[in-house]
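Peer 1: Starting off with a structure, shown below.
The values are calculated or read from the model by the stated rules, or taken from the named source; none is laboratory data. None of these values were measured; they are calculated from a predicted model. Here the Cβ is made from the backbone with ideal geometry for all residues, glycine too, and neighbour counts use every protein chain on show.
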């Protein structure tokens, strides 16, 4: 199925797979134990968010909500955020445009969420969040928030503690809301009410980390040439995982074996602490209307792009192929890269 009319398709399911009502949010009182392949950073169990203390609420209007289709991992939907807001007693500010919300539904109804977003506090400092969530169905999906705030700054407290959010995505209204709770003092018990996430055994699990280049891999035939336009850097600085720098992606072009454009959304979430690494998450829209999820990561000289595309589409070969990327060079309004088939 092409992406024409996908907003209407998503609107029909907005009350179920992509949103939680207030009543459903209270449905499960016990811990939610993630599957080992997508443990969300809380492998022992994710407590019910409302058992903790409200920290702040994030509201993000959406540029698009897209039904990618069935990929190698499951049924994929992606939402792309515009400028948003953060309001709470200890943190107020804005959400930078370019939030990506990846929603994956497996054949048995299990849901997995990945999000990347950037907050800017009223004092001008940036906070990066890459979040993971899961649920056995749409009635009780819990998002574990993982913040990176500047060390020694006013918001350093976000680097520690445990935070779980409720996510409400309304495709028809083009809104995404996260109600974030501090659950640091909530005890996770493995007793009555605990739900363990179960996943089908016949599909690959989506990865959290990027693929690492093997020593024997060399650049083979060219796949595509890419020009990516960029916004000014959003520098978090020294934080819990190193010196974080974020370069937002605003668009671009793709040519070669695939023709199309780079969509607004995502960024290169760099760590500048040696050895510096790139970790870019973003989307292509092909000339014939397909959406392809792109990730390009690694150290300079060893960048590896990976893809997620419809398994019954013209670009399904990207899901199983091995590819390498050039280092970024100067491009029009940003950077230019070339992707190659991997040769051994």
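Peer 1: Within the range 298-335, track down each residue that is part of a strand (DSSP E or B), surrounded by fewer than 17 Cβ atoms within 10 Å (Cβ to Cβ) and touching a residue at least 24 places away in the same chain (Cβ under 8 Å).
Peer 2: Applying the first criterion (part of a strand (DSSP E or B)) to the range 298-335 yields 298-299, 303-308, 323-325, 329-331, 334-335.
Subset that is surrounded by fewer than 17 Cβ atoms within 10 Å (Cβ to Cβ): 299, 329-330.
The answer is 299, and nothing else.
Peer 1: Sticking with this structure for a sec: Any residue in the range 155-169 that is free of Cβ contacts under 8 Å to residues at least 12 places away in the same chain, more than 23 Å from residue 96 (Cα to Cα) and surrounded by fewer than 16 Cβ atoms within 10 Å (Cβ to Cβ)?
Peer 2: Checked against the condition, which is being free of Cβ contacts under 8 Å to residues at least 12 places away in the same chain, more than 23 Å from residue 96 (Cα to Cα) and surrounded by fewer than 16 Cβ atoms within 10 Å (Cβ to Cβ), the range 155-169 yields no hits at all.
Peer 1: Would you please name the residue that is surrounded by the most Cβ atoms within 10 Å (Cβ to Cβ), looking only at residues in the range 29-55 that are over 24 Å from residue 206 (Cα atoms) and out of contact with any strand residue (DSSP E or B) (no Cβ under 6 Å at 6 or more places or on another chain)?
Peer 2: 48
Peer 1: Does the range 228-242 contain any residue that is in contact with a helix residue (DSSP H, G or I) (Cβ under 7 Å, 6 or more places away or on another chain) and at pLDDT 95 or above?
Peer 2: Among the residues of the range 228-242, at least one is in contact with a helix residue (DSSP H, G or I) (Cβ under 7 Å, 6 or more places away or on another chain) and at pLDDT 95 or above, which makes the answer yes.
Peer 1: Could you pull out the residue among 80, 66 that is buried (at least 20 other Cβ atoms within 10 Å of the Cβ), in contact with a helix residue (DSSP H, G or I) (Cβ under 7 Å, 6 or more places away or on another chain) and within 20 Å of residue 174 (Cα to Cα)? Walk me through it before giving the result.
Peer 2: Details: 80 fails: in contact with a helix residue (DSSP H, G or I) (Cβ under 7 Å, 6 or more places away or on another chain).
After applying the criteria, what remains is 66.
Peer 1: Please state which one of 211, 295 is outside the structural domain of residue 63 (by TED's automatic domain parsing), within 21 Å of residue 116 (Cβ to Cβ) and in a strand (DSSP E or B).
Peer 2: Among 211, 295, only 295 is outside the structural domain of residue 63 (by TED's automatic domain parsing), within 21 Å of residue 116 (Cβ to Cβ) and in a strand (DSSP E or B).
Peer 1: Does the range 93-140 hold any residues that are closer than 23 Å to residue 233 by Cβ, in contact (Cβ under 8 Å) with a residue 24 or more places away in the chain and not in a strand (DSSP E or B), and which are they?
Peer 2: 96, 97, 98, 99, 122, 123, 125, listed by residue number.
Peer 1: Is there a residue in the range 15-26 that is surrounded by fewer than 18 Cβ atoms within 10 Å (Cβ to Cβ), more than 19 Å from residue 310 (Cα to Cα) and modelled with pLDDT of 95 or more?
Peer 2: no
Peer 1: Taking residue 339, is it in a strand (DSSP E or B), closer than 29 Å to residue 75 by Cβ and in contact with a helix residue (DSSP H, G or I) (Cβ under 6 Å, 6 or more places away or on another chain)?
Peer 2: Here the answer is no, as residue 339 does not meet what is asked.
Peer 1: Only residues that are buried (at least 21 other Cβ atoms within 10 Å of the Cβ) and either not assigned by TED's automatic domain parsing to the domain that holds residue 223 or not in a strand (DSSP E or B) (or both): list them for the range 241-289, please.
Peer 2: The answer is 258, 263, 264, 265, 266.
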